[in-house]
Each structure stands twice: as structure tokens, then as C-alpha cells.
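The values are calculated or read from the model by the stated rules, or taken from the named source; none is laboratory data. The structure presented is a predicted model; accordingly, all values stated were derived computationally and were not measured. Every residue, glycine as well, gets a Cβ built from its backbone with ideal geometry; the counts of neighbours run over all protein chains shown. The accessibility values were calculated without ligands, DNA or RNA, using every heavy atom of the protein model including side chains. Shrake-Rupley method; radii C 1.70, N 1.55, O 1.52, S 1.80 Å.
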Amino acid sequence: MAQRYDPQGIEQKWQARWEADRLYHAPDFDPQPKFYFLTMYPYPSGDLHIGHWYAMSPSDAAARFRRMQGYNVMFPIGFDAFGLPAENAAIQHGIHPYTWTMDNIEGMRRQLRSMGAMWDWEREVVTCDPDYYTWNQWFFLKMYERGLAYRALAPVDWCPQDNTTLAREQVVGENRVCERCGTPVIKKNLKQWFLKITAYADELLDFSRIDWPERVQVLQANWIGKSVGVEFALPVKGHAGKSFAVFTTRPDTAYGMTFAVLAPEHPLVDELTAPDRQHEVEAYKYKAARASDIERLSTEKDRDGVFIGAYAVNPLNDEPVPIFVADYVLLTYGTGAIQGVPAHDQRDFEFARKYGLPIRVVVAPPGWRGEELTQAYLAEGTMVNSGPSDGLPSPQGWQRIADEMERRGFGRQKVNYRLHDWLISRQRYWGTPIPIVYCKTCGTVPVPHADLPVLLPMDAEFRPTGESPLRYHDGFRKVRCPQCGGEDAERETDTMDTFIDSSWYQYRYLSPHDGERPFDPQAGRYWLPVDQYTGGIEHAVMHLLYTRFWTKVMRDLGLVDFAEPMVRLYNQGIVLGPDGQRMSKSRGNVVDPDEQVRQYGTDTVRGYLMFMRPWDEGGPWDPKGIEGVHRWLHRVWTVVTEPAPAAGRAAGEAATEREVRHRAHATIKRVTEDLEQFRFNTAIAALMEFTNFLQGVKATGGQGVKAMAGQEVKGTPAASGKVWDEAVQALLLMLAPLVPHIAEELWTQTGRPYSIHQQAWPKYDAGLARAEMVTLVIQVNGKVRDRVQVRADISEADAKRLALESEKVGKFLDGRPVAEVIVVPGRLVNVVVR
């Protein structure tokens, strides 16, 4: 056997062998039960960072574990290849986005291979490949045909200097300026494309068929924001036939309305604003256009607004109320207008206080006698100042006023959602072209399915302003109308949100080269849905919501017969820098995985990332911690490769054999349970303990077992022969999913058949896994005073007797009376004295 552990040598050797042998290709229709294990694919930024390793290495270990349990495991990989960074590279460095992206992918493929993961490379997808984005366009057309894709006005961040839209990350600083030219950014309404995710809002609130973290479910439920209330119309005084709708979840407070608010972007603002108020209103609208939605809704923001010089009428009591424009109302939520009920909404309360507006109580707190409120009263109470509803408990008043609004014809009870439709238009080049043509004769015309894909032109010219080159590319933009054949038609120049790509990529892995359909339906019946998905919590309300929506649409298109894309989801934590801060180049705390692999080897990096903390927590990188894992793998190598001391069989050997078998089976049980629950850190801790135990057995000729086993062991233990081989085999099999290279090398060096990654996971005997002897901790008033070896099945009475007879315990009793003896079976005894 080789006497020195050389990770770099053995890792490259085995990675090449596994790939040449197609060891990890998962065949369709295998007789073994299937297990589709998926981890989120990376964006090809150019380098695989340690965060990728932290997400992917444990995922790979779990996938390998399932394979050893007898499943046909598919573990594919691909690249989320469209996105703004590639376009920025084109502008800044004159590199075409395709070239930049594919060069990065080539480098990242090398890095991913160095991870030693069981990627099924034959299933790779690259989303900027026309073979992939053809089907983005196909899905769009299918949704368009069903009324799920539509075009409407929507605000964008706009740079008036560069005359272009900006992505969220291109708006920088507290003053919200363009990152390129420093011009103040404004909001501008453009016609853009949407997908009607709101049609599935109720269904998206049903999590009964998936095992997803509660936190993700709560985040999605809050994002969807279902609320039950009444939508009713407020007529505008002096403007015959003009009204605007408001939605409220508190119709019981409607008699308390003392003002109304329109969002600055509301189309009626310009029409209703009085001439003497126009200058102030326009200035306010400009200020609001420069703020993000998050800034406008911040609870720390001072509520302000401008009176537009017009009045609405409360239809319940015909009372006129002033109309304000205020940025804490958003056009994209609800109706873009609200009733102001300051006595019962804190935002309205602060607004009314600022502008001297009446604060009329209509739901009285218990014991209220007409005094002024110091803050809004939000709870239930008794209806007052509410016409015929006076004296009712407010829940009854809620229903009575809602019914009255419907009976009188100006309101209707309805369900509203915070969720709004998915805006997919991006004024960018590097994304999937939207397959729509605009014809002066025919209007909006979908590109026929037979004409797909609509390809991105490779000769696009990128401008320093960041404007999409598709707007100026006549070869792309000008086209014949596919309906009437007219020559004055133009293509849509917006491209699709890149979240489109990741909404269905798990299906394309089934048949990535299929030119006839998005995926092979027969393979889909075998593999789908995804059994286990892993990735970050930060995707809870974007990617993870969109992929659920997409799957429900696919079900309604007849492509699948289920409603949820992934049965089980697990969110990992984040690796921080050694200083406990998020890694960033500016902080100088970035850990380069390539450098760590060169220094320690892949298995050490994998092992440390799984050992450092619970996987769902994450934590700071510790240079000393990785050294510890590296030393452990050297000990593993020594235990397996160095010969045991030769000696004849001794009388005490049977006792040691029992202990070795017990330790092996107990470790198998513990590691199995840990890997089932993604507890990689405690699984590795158990393997470290088992390694140390075996090393002790071998080094001491059995005497190292003495204290552990609680028995006198003489002579040479089972450090060679059947029991030792069983223990070594169990150790290597348990190591295989976690540190696959050293496991494969040692498996081969010990004469076992290639490959360890085609072997079954070891099974444990429950009887052997139970300890014959345990350490019983004895406390006096909660402080440890003694430890004794006892049989695992010791009775409570015997445990009490041992504790009270202990000489060490006797010293601390000092003649004081024993008040109580508490026994935790098999673990501890606590003697309580006065």
C-alpha cells in the first residue's frame, strides 16, 4: 500500500476515471427507484466561489448517500447564462456577451469538476443556448394563447441622460443615481410584458403537497398577501362621472374617512389637480419618481403628501373629503388609491396629524368617552359615528357596512392580493427575445411556433449608455408581419427576465438536446417531480415562487400531472469571511476555493465545509478548522494503510471484538440518521470519533479500548482479521459520500472491487449498535463529581445506589441529608442535598 496521503495526486486520477467510465450518468427507466436531486445552478460569473462549494458539496454528499441507498439518482448541473453582467462586459471591454459567458462557463466547468461531485454532465443545460431559450419562447406563446401573457404600462427606473432603463443594481447611492453617469434616476411608465401569476395566487398559498421550510412558506404567503375586504368607488366632487376605486380590509372604519390619497403615478392625478396646485403636485411627483418602493413604504420615512385641490365624496354619508397625492400609496398595489381613516390606521394617523386633518373615531376602544386618541386604535371595539351601525360590535359592523355598500351598488366584497403580475420585460440585449411582432395593420402578432427561435443577432453594437442594441438593429427589428405579410412590422425589442430561465430548467435536464419539445414526456413520467431541491433562502419570493407558478401552468397545458415542482426543499446557510463578515473583495476576506484545493485537496475542503457548522446556519471560515479536517483525513489514511501489530490471539480479544463491532454499528446508525437530516457536521464528528477509536485500538494493542469498554483487555485485539476488516469497510463506505476521493483510493488499495461509489450503504444491527456499557455521570447539586462505567441497562435503583456509595460523592455530601436523587436513565444521576 501507498504510505503517504497525496490528495492532489489521487483526486485528479479518480475524477478522470469516473468521468471516463460515465460513473455518474443516471439512465432513464432504470429498475431501481428514482431520486431526482437538484441544487441551484450557478451564474457563470467567471469564478466558482466558496459559497458555491458550500451549497454544492453537501448537496453532492446527500445525492451520493441516496445512490448508495439503492436509488437511481440524477444529479445534473448547468448554467444560468443570461444576465446583465455579460452585457456590462460587452460595454466596458468590447467582449460580446456570448463570448464572455462561454469563456466563463469553460473555466467554471473545470472548477466544478475539481469538486469531485457526481454531476451528470451529459444532461448539462446552458440557458443562453438557442436550444434552451427556444422553449422559453414556446412557453411564452402558450401563455399568450391562454391569456396569461399580456402587455400593459408599468414604471421602470429611467436615466434621462442616457435615455435608457436601468436594472435595480444600476441605481446606486442614497440619492438614487445612474451608476454610469451619476444622473438622478426617475420612474417612467413604459408598455411592458407581464405573466399573470395572480391567476394562481390562491393555489400558490397551498403548501400542503410540499415539504418546504416553514420560513419559505411564510415569506411566500406574505409576498402573495391575501386580504379580504371591500372595493368601492369614491365619486369626485365637481367632476361628473369621475370616480376612483379604493380597497379596504376595514369597511367597519369607512365612516371615519376624512381624506383620500392617490398614488403619484395614478392616471387621475393630472386630470383632477387644480391649476393653482399643479406646480407643487408636479414637484412632488418628480420626487416620488426618484424613490424606490422600499423607500416609499419604509416605516422610518416621514409621511408627506400634497393636496391636489379636489375632493372625493364618501358615498356612505355624502361627506366631501380632500384628495392628496402621497408616495406611501403605490399604483402597483391594490387600486393605487386609499381611504384615509386616521383613527384606525397608524400611517393615516401620522399623515392627518401633519396636515391638520380630522381624526374621527368610528370603532371605540373599551371605555372610550370621546377623548382624543394619541395613536391609531387598531383592535376590535364598538361602532360609533357610523350611522345605522352604531352600537354594534365592530366585526358585525364590518359585515353590515360591507353588505350596505353592495346593496347600494357602489362596492363589492372581494379578495385582494399584494402579489402583482410578473413583469418580464427587460430593456436589454442579453436575454431571451420576446416572440412578438407589432404590425401597423394587424396590431400585436405572436411569432408562429414554426418560426421559433427568434434568435439574438450576434452582430449587435453595444453603446456606452447601456441602451439595448436591439432597438437600433434594423436586421433584427424590421420584419415582415407573420399574419398579413406586410413589410412595415417590427419585432419586440425587450427580452425576458432571466428568472424565466430558472423557472423550468429542472425539466430540460431530462432531455437537454430534444428539438421537438421542452422535455421528453416519458422521461418526465419516470423522473418528475424533483425529489430534493437545495439552495439559498434568498430565492424564496422570486425563483422559488416563479417555478411553482410555472409548474402549475405546465399542468394546465397538459405537460405534467402534478402541481408542485419540488417535493422537498432545504435551504443552506452562508459562508462568511474569517472576520465574520460577508465575503467581498473590498474587505479582503474572500476565501479562494482553488487555492484551498491546491493546499489541502478537494476532500479536505469538502469535509471542512460540512463539518464547520450546521449546514442551514453557515458561519465564518476558520483556517484552523480546515487544518483539523486535513489532519483527520491523514489519520484515516494511517488507520487503513498501516499494518496492525502482529501477535497471537489473546484471551481478552473477544471483548475487544465486541467493542469494535458495537462502535462500527453505532457509528453507522448515527451517520445514517444524520445524513437523512442533512446533519453533515455531526456525521463527520461521529466518523472522527470512530477513526480515533480504531487508531487507538491499533496503536495500543487493545489497551486503548480498556477505558472505553469498561473491561480488562489483554493481548492483541481484532486489529487484523475479519472484525477489523468489517470496521475498515464500514468506515470507508461511510466516508464515500462525504470525501469521495480518499474513500475510493483506500477502497482500491485494500483490494476491494471498483468502485466504492457503486456499493450499498452499510446497514447496522440495532442490537450491536446499543452500548453494553455506558459512562454514568454523577452530580451533586448539578455539579459533576464522578463518572463510572455501568451496564447500559442498569436499573434506576442500582444507579441511585452506585451514586450514593461513590467515595467521591461522599466527600461532597458531608453528612448533609439527601433531599432527592434524580436519575436520567443511562446518562446521569443528580444527588440533591440541602
Among the numbered conditions (1) modelled with pLDDT under 95; (2) closer than 30 Å to F247 by Cβ; (3) not β-branched (V, I, T), tell me where G409 comes up short.
(1)
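Please pick out the residue among D474, D531, D561, D556 that is within 25 Å of L419 (Cα to Cα) and out of contact with any Ser or Thr (no Cβ under 9 Å at 6 or more places or on another chain).
Of the residues listed, the single one that is within 25 Å of L419 (Cα to Cα) and out of contact with any Ser or Thr (no Cβ under 9 Å at 6 or more places or on another chain) is D556.
Yes/no matrix, rows are residues, columns are (1) free of Cβ contacts under 8 Å to residues at least 60 places away in the same chain; (2) touching a Gly at 6+ places or on another chain (Cβ under 6 Å); (3) surrounded by 14 or more Cβ atoms within 10 Å (Cβ to Cβ):
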{"position": "P320", "(1), (2), (3)": "no, no, yes"}
{"position": "I323", "(1), (2), (3)": "no, no, yes"}
{"position": "A337", "(1), (2), (3)": "no, no, yes"}
{"position": "A343", "(1), (2), (3)": "no, yes, yes"}
{"position": "P358", "(1), (2), (3)": "no, no, no"}
{"position": "V362", "(1), (2), (3)": "no, yes, yes"}
{"position": "P366", "(1), (2), (3)": "yes, no, no"}
{"position": "E372", "(1), (2), (3)": "yes, no, no"}
Against the definition (out of contact with any Pro (no Cβ under 9 Å at 6 or more places or on another chain), within 30 Å of C181 (Cβ to Cβ) and modelled with pLDDT of 95 or more), how does R146 come out, yes or no?
no
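Every residue, every condition in (1) surrounded by 15 or more Cβ atoms within 10 Å (Cβ to Cβ); (2) charged (D, E, K, R); (3) modelled with pLDDT of 90 or more, yes or no:
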residue	(1), (2), (3)
E689	no, yes, yes
N692	no, no, yes
T700	yes, no, no
G704	yes, no, no
T716	yes, no, no
Q729	yes, no, yes
A736	yes, no, yes
A743	yes, no, yes
P762	yes, no, yes
Looking at A233, A201, A221, can you tell me which residue is touching a residue at least 12 places away in the same chain (Cβ under 8 Å), more than 23 Å from the chain's Cα centre (by Cα) and either outside any loop (DSSP other than H, G, I, E, B) or on the phi > 0 side of the Ramachandran plot (or both)?
A233
(1) under 19 Å from L733 (Cβ atoms); (2) without any contact (Cβ under 8 Å) to a residue 60 or more places away in the chain: which one isn't true of D30, the others all being true?
(1)
For the range 406-431, enumerate the residues that are over 30 Å from C128 (Cα atoms) and surrounded by fewer than 21 Cβ atoms within 10 Å (Cβ to Cβ).
E406, R407, R408, G409, F410, R412, Q413, K414, V415, N416, Y417, R418
Please find, within the range 14-25, the residue that is nearest to the chain's Cα centre (by Cα) out of those that are over 14 Å from I756 (Cβ atoms) and in contact (Cβ under 8 Å) with a residue 12 or more places away in the chain.
H25
Residue within the range 294-302 that is in contact with a strand residue (DSSP E or B) (Cβ under 8 Å, 6 or more places away or on another chain), at negative phi and outside the structural domain of T165 (by TED's automatic domain parsing) present
no
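Among the residues of the range 67-112 satisfying the criterion of being of a type in the set (K, R) and without any contact (Cβ under 8 Å) to a residue 60 or more places away in the chain, which is least open to solvent (accessible area, probe 1.4 Å)?
Top of the filtered list is R109.
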From the list E271, E265, E300, exactly one residue is surrounded by fewer than 20 Cβ atoms within 10 Å (Cβ to Cβ) and either more than 36 Å from the chain's Cα centre (by Cα) or more than 22 Å from Q346 (Cα to Cα) (or both). Which is it?
E271
Within the range 243-262, residues being in contact with a Ser or Thr (Cβ under 8 Å, 6 or more places away or on another chain) and not in a helix (DSSP H, G or I) number 5
Note on the range 548-557: residues in contact with a helix residue (DSSP H, G or I) (Cβ under 7 Å, 6 or more places away or on another chain) and closer than 11 Å to L204 by Cβ are R548, F549, K552
Residues of the range 509-530 being surrounded by fewer than 22 Cβ atoms within 10 Å (Cβ to Cβ) and in a helix (DSSP H, G or I), which ones?
P521, Q522, A523, G524, R525, Y526
Residue count, the range 150-171 (criterion: open to solvent by 30 Å² or more (accessible area, probe 1.4 Å), in a strand (DSSP E or B) and at pLDDT below 85)
1
Out of (1) part of a loop (DSSP other than H, G, I, E, B); (2) under 21 Å from the mean Cα position of the chain (by Cα), the one Y533 does not meet is (1)
Hey, can you tell me all the residues within the range 741-759 that are over 14 Å from E11 (Cβ atoms) and either without any contact (Cβ under 8 Å) to a residue 40 or more places away in the chain or outside any helix (DSSP H, G or I) (or both)?
W747, T750, G751, R752, P753, Y754, S755, I756, Q759
Residues of the range 765-808 classified as over 48 Å from the mean Cα position of the chain (by Cα), surrounded by 17 or more Cβ atoms within 10 Å (Cβ to Cβ) and over 11 Å from L828 (Cβ atoms), total:
2
Looking only at residues in the range 468-508 that are out of contact with any strand residue (DSSP E or B) (no Cβ under 9 Å at 6 or more places or on another chain), without any contact (Cβ under 8 Å) to a residue 24 or more places away in the chain and assigned to a loop (DSSP other than H, G, I, E, B), which one is surrounded by the most Cβ atoms within 10 Å (Cβ to Cβ)?
H473
All conditions in (1) small (G, A, S); (2) under 24 Å from the mean Cα position of the chain (by Cα); (3) under 18 Å from L48 (Cβ atoms) are true of G601 except (2)
Count of residues meeting criterion [farther than 25 Å from I574 by Cα and either in a helix (DSSP H, G or I) or among the aliphatic types (A, V, I, L, M) (or both)] in the range 67-82
4
Just the residues that are closer than 19 Å to T547 by Cβ and assigned to a helix (DSSP H, G or I), please, taken from the range 133-149.
Y133, W135, N136, Q137, W138, F139, F140, K142, M143
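Residues are listed down the side, and each one gets a yes or a no for (1) assigned to a helix (DSSP H, G or I); (2) over 27 Å from Y526 (Cα atoms):
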{"site": "Y43", "(1), (2)": "no, yes"}
{"site": "M56", "(1), (2)": "yes, no"}
{"site": "F65", "(1), (2)": "yes, no"}
{"site": "N88", "(1), (2)": "yes, yes"}
{"site": "T99", "(1), (2)": "yes, yes"}
{"site": "G107", "(1), (2)": "yes, yes"}
{"site": "A117", "(1), (2)": "no, no"}
